[in-house]
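The values are calculated or read from the model by the stated rules, or taken from the named source; none is laboratory data. Note that the structure is predicted; figures quoted are calculated from it, not measured. Methodologically, a virtual Cβ is constructed for each residue, glycine included, from the backbone with ideal geometry; neighbour enumeration extends over all protein chains shown.
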Amino acid sequence: MKKYIDVLVAEIGSTTTLVNAFTGIDGDAPVFWAQGQAPTSVLDGDVRIGLEGAVKDLCKNVGVDEVEWGEMLATSSAAGGLRMTVHGLVYDMTARAAKEAALGAGAIIHMVTSGVLRPSDVEKIRAIRPNIIMLSGGVDHGERETALANGQILKDTGLPVPVIYAGNVDNQADIKALFGDGNGLYIVENVYPKIDELNVEPARKVIQAVFEEHIVRAPGMEHVREMVNGSIIPTPGAVMESTRLLAEVLGDVLTLDVGGATTDVHSVTKGSEEIARILVQPEPEAKRTVEGDLGVYVNMENVIALAGKEKLEAELGFPLDDVKSTYKFIPKTEDEIRFVEALTREAVLKAVERHAGRVRYVYGPTGRSTLAEGKDLTEVKYIIGTGGALTRLPGRVKIMEGIAAGNKTGLMLFPSDRAQILVDNDYIMASLGVLSKNHPDSALKLLKKSLGKTA
């Protein structure tokens, strides 16, 4: 028996390729129909092997012989994901603005520099082998020489890497003349056009477009277009797209994605007016941070060290070494589940602490002043859990409910205990993020259904 589906979305991960099938996509009641998975085959030299295996698994799960689809989309974090380096003028200004744009697009930032690139910087860039280089620097009509110097240095490297220029508008013509036509140069609006003003959205959109254009040439991904006939965006960027879509209808949202190796935090919120008045630096409305040391399998030793091994053993009531010897990525026994829940709780609290801003007091001749720095999460209305840990662990809701209590000093700009907890029960936020590019209404309906949010 053959089944026709409207859209198939593939999530091509570093170890697993997942496919999600959707029907009724242009109607009033779109349906998440089925899911399949298989080992990722990018490192074997051909992404199609894993994609075809995942489709076969989907067919087996629903008892059909074959599926045919009208549109196939994809997200990818395979082969190291979207590796980027960012180079600006001042670290806390243009370099930071460029970094925010890159992270919001779903990139993994391997290097951020400020000022003129040194020979040692160039060697690091060569070793990183970025998929995209972002060049910024100078507010509009401000300092010009640093970005031009860095442009020349990057051009002289001869690296076959796309360069996105998002700096001083006065440099655009010179940068274009420097790189010439056909050399992978993309010019966008300045990410930091004025002091204390961020403009990251134009760069974010171009980063995803450049990723899609170049990912199909990556080793192992060359044949991806033989199956995928729609958009391909970075998986973290797809989760952000879903978060942004939800924020449009639900209000301020925080999304948490705890994985085996990393923990991602996505927030879409303007924060409170009270905090905005004392904020020392601007923050983007949509912000993503990725904590590469916080994972519940690959990086569990880091999380144990942060929490304290003795503290965890006292809480759990058994030696951690005993459960670590049997735990293999997906917890199965009761002790393993309790262990992973404790790790997930610690990863969530530490990741939110790093993502959130804080209030600090400054003392001067006129007495104490109150300042705020970083992202204000105090107006967040909904906290959403996605990823394996926060969609499958029995204690997932309790873990997220504990975020507000983690603000022990009262100085962190954490969500309050009034924030409602939602879970991506179908584990499809990334797939719906890329689906929202062409089918935003259906993606939103499917998101609400997965979150149990019918209104």
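Counting only residues that are surrounded by fewer than 22 Cβ atoms within 10 Å (Cβ to Cβ), assigned to a strand (DSSP E or B) and β-branched (Val, Ile, Thr), which one in the range 6-46 is modelled with the lowest pLDDT?
Thr16
Let's see how each residue does on (1) assigned by TED's automatic domain parsing to the domain that holds Thr113; (2) crowded, with 16+ Cβ neighbours inside 10 Å; (3) part of a loop (DSSP other than H, G, I, E, B); (4) among the charged types (D, E, K, R):
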position	(1), (2), (3), (4)
Val139	yes, yes, yes, no
Ala147	yes, yes, no, no
Ile153	yes, yes, no, no
Asp156	yes, no, no, yes
Val161	yes, yes, yes, no
Asn171	yes, yes, no, no
Ala177	yes, no, no, no
Tyr186	yes, yes, no, no
Val191	yes, yes, yes, no
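If I go through the range 274-320 residue by residue, how many of them are part of a helix (DSSP H, G or I), in contact with a Leu (Cβ under 7 Å, 6 or more places away or on another chain), in contact (Cβ under 8 Å) with a residue 12 or more places away in the chain and not β-branched (Val, Ile, Thr)?
Of the residues in that region, 3 qualify.
For the range 401-426, give me each residue that is more than 18 Å from Ser267 (Cα to Cα) and either hydroxyl-bearing (Ser, Thr, Tyr) or touching a residue at least 60 places away in the same chain (Cβ under 8 Å) (or both).
Thr409, Asp426
Does the range 234-242 contain any residue that is at pLDDT 95 or above, surrounded by fewer than 16 Cβ atoms within 10 Å (Cβ to Cβ), of a type outside the set (Val, Ile, Thr) and closer than 24 Å to Ser450 by Cα?
Within the range 234-242 (the criterion being at pLDDT 95 or above, surrounded by fewer than 16 Cβ atoms within 10 Å (Cβ to Cβ), of a type outside the set (Val, Ile, Thr) and closer than 24 Å to Ser450 by Cα), the answer is no, since none of the residues qualifies.
Quick one: would you say Gly292 is surrounded by fewer than 21 Cβ atoms within 10 Å (Cβ to Cβ) and within 24 Å of Met111 (Cα to Cα)?
For Gly292, the condition - surrounded by fewer than 21 Cβ atoms within 10 Å (Cβ to Cβ) and within 24 Å of Met111 (Cα to Cα) - is met.
Evaluate the following for Glu212: is it in a helix (DSSP H, G or I), charged (D, E, K, R), under 20 Å from the mean Cα position of the chain (by Cα) and surrounded by fewer than 21 Cβ atoms within 10 Å (Cβ to Cβ)?
So Glu212 passes the test.
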